[in-house]
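The values are calculated or read from the model by the stated rules, or taken from the named source; none is laboratory data. Note that the structure is a prediction, hence the values are computed from the model and not measured. As a convention, Cβ positions derive from the backbone with ideal geometry for all residues, glycine included, and neighbour counts pool all protein chains shown. For accessibility, only protein heavy atoms count, side chains too; no ligands or nucleic acids. Shrake-Rupley method; radii C 1.70, N 1.55, O 1.52, S 1.80 Å.
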Amino acid sequence: MFSVITHSPEETWELARKLAPILSSGDVINLSGDLGAGKTVFSKGLAVGLGIDEPVTSPTFTLIKEYMGRLPLYHFDVYRLSSPEEMEELGFDEYFYGDGVSVVEWGDKIEELLPDVRLDIRLLRLVDDEFRRIEVTPQGDVWQEKVDQWLVRE
Ligand code: ADP
Ligand code: MG
């Protein structure tokens, strides 16, 4: 597990933006952390890094929103998901195993549906209002390598 502290929303956004160039088709990122932790801020930075100019907002009521950049971005927010069947109805595996990058806010809620190979990112509020600890756990060798490029070698 890698841990990064950010001191402002801009820093979290920037950290996410720098992850984008390393991403490839079929990548799945599980974002977890409480309400207001910064999952959407992170998703926005990632979108800009993928060359998406459309504004990204939390797809709380639609569960998923699709954007087109260097790669397609499938932005999920499964906070309001009532059952795993709802994910089946969405055809979630077409996204997770598709051509784009899937980013799943509250992904822990559907952990059993997530691919085993994925990047887990947990955002935690610290005592100071604008401080967050971002815990990054690569699941699978390919993610170990990507995280190394993202956080270690930079
Ligand atoms: P979530 O999607 O996890 O519910 P949001 O990204 O919508 O959270 O909101 C995070 C809120 O916290 C925003 O209002 C943002 O400005 C604020 N914030 C303060 N410090 C940080 C930080 N270091 N990283 C990310 N967001 C931060
Ligand atoms: Mg959100």
task: Could you give me the residue pairs with C-beta distances under 8 Å whose first residue belongs to the stretch 40-54 and is open to solvent by 30 Å² or more (accessible area, probe 1.4 Å) and hydrophobic (A, V, I, L, M, F, W, C), whose second residue is part of a helix (DSSP H, G or I) and within 16 Å of ligand 1 (Cβ to nearest atom) wherever it lies, and which are 6+ apart or on separate chains?
output: VAL41/PRO9; VAL41/THR12; VAL41/TRP13; VAL41/ALA16; VAL48/TRP13; VAL48/ARG17
message: Whether any residue in the stretch 100-112 is away from ligand 1 (no atom under 14 Å from the Cβ) and without any contact (Cβ under 8 Å) to a residue 40 or more places away in the chain is what I want to check.
response: yes
message: Every residue in the stretch 118-133 that is more than 24 Å from SER102 (Cβ to Cβ) and open to solvent by 60 Å² or more (accessible area, probe 1.4 Å), please.
response: ARG125, VAL127, ASP128, ASP129, GLU130, PHE131
task: Return a yes/no flag: does the stretch 123-145 have any residue that is among the aliphatic types (A, V, I, L, M) and closer than 21 Å to SER24 by Cβ.
output: yes
field: Complete set of residues in the stretch 66-90 that are open to solvent by 10 Å² or more (accessible area, probe 1.4 Å), over 15 Å from GLY26 (Cα atoms) and more than 16 Å from ligand 1 (Cβ to nearest atom)
entry: SER82, SER83, PRO84, GLU85, GLU86, GLU88, GLU89, LEU90
field: Options LEU124, LEU73, LEU151, LEU63: the member that is in contact with an Asp or Glu (Cβ under 9 Å, 6 or more places away or on another chain) and under 19 Å from ALA20 (Cβ atoms)
entry: LEU73
